[in-house]
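As structure tokens, the structure follows; a few thoughts come after it.
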Amino acid sequence: MFAAFVLIGIASFLIGGCGGGSESGEKLLPEITGTTQEKILLIAGRVTYESEGLVTVAYAETPRHQNAAGQSYYGVHYNMFVTKRADLITQQDKERVRDLAGRLFQLTTIHVLAREPDFSHMGVQVFDPDAWFVGGHERGSVRIFIAQKTTLLTRTENNSLEIWLRSASETEEVIISSGALEELIRQLNEARKGK
């Protein structure tokens, strides 16, 4: 009985996510509804599905930030991991990864940022498959894209994923040292404890 429910759920996801294309060639979107957190999880799942095994969007959260005056504001953060084996990645795959990051910006702006007055930005971290940060053998990269809501809202009529991605500032091919990564994790854990 449980297996039947699982199969029905998978079939529903595939049918909902595989709708026919519109006249412009754009895929029909699954219905993205619910709370803000539910929406960004649906978006993460949608982009993972659209990647056809190239990436996994493994983290989607809306953390609260505070400015120096103590005012709260929110962002949407995603971690996208390239899951194709490093030695099999082609130039076309690399371009597709950029498009998928742009897709996160597009869907999140339309379904979340445009509807949430307290949200000011969003970011996507893209982890390369060969990234390694400990033991003196640091390699690979994490590309970090961050965009302000005000900039993204000017793009809502544009279907070019590259244009969406260009809305973000990019930290170029950064190799995060193990010490810096440990500090980021420590700060994140402290912030989560304070919630």
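Find how much the distance from Leu88 to Ile163 grows on full extension, using 0.36 nm per residue of separation minus their present alpha carbon separation; answer in nm with one decimal. If you can, show how the numbers build up before the last one.
Values: separation 75, 0.36 × 75 = 27.00 nm, distance 2.70 nm.
In short, 24.3 nm is gained.
When each of the peptides 40-50, 146-156, 116-126, 83-93 is scored by how many other beta carbons lie within 10 Å of its residues on average, the order from highest to lowest is 40-50, 116-126, 146-156, 83-93. With the simple spin-label model, which puts each label point 7 Å out from Cα in the Cβ direction, the Ala69 to Ile185 separation comes to 3.7 nm. In sequence order, segment 118-129 has phi-based couplings of 8, 8, 10, 6, 8, x, 10, 9, 10, 9, 6, x Hz under the Karplus curve 6.51 cos²θ - 1.76 cosθ + 1.60, θ = phi - 60°, and Gly or Pro positions carry x.
The charge dipole of segment 92-154, taken about the Cα centre with unit charges on the Cβ atoms of Lys, Arg (+1) and Asp, Glu (-1), comes to about 160 debye, rounded to the nearest 20. Taking 0.36 nm per residue of sequence separation and removing the Cα-Cα distance, the Arg192/Tyr59 pair yields an extension gain of 46.4 nm.
Quick note: the coordinates plus some simple rules give every number you see, no bench work behind them. Computed from a predicted structure; not experimentally measured. We place every Cβ from the backbone using ideal geometry, glycine too, and count neighbours over all the protein chains shown.
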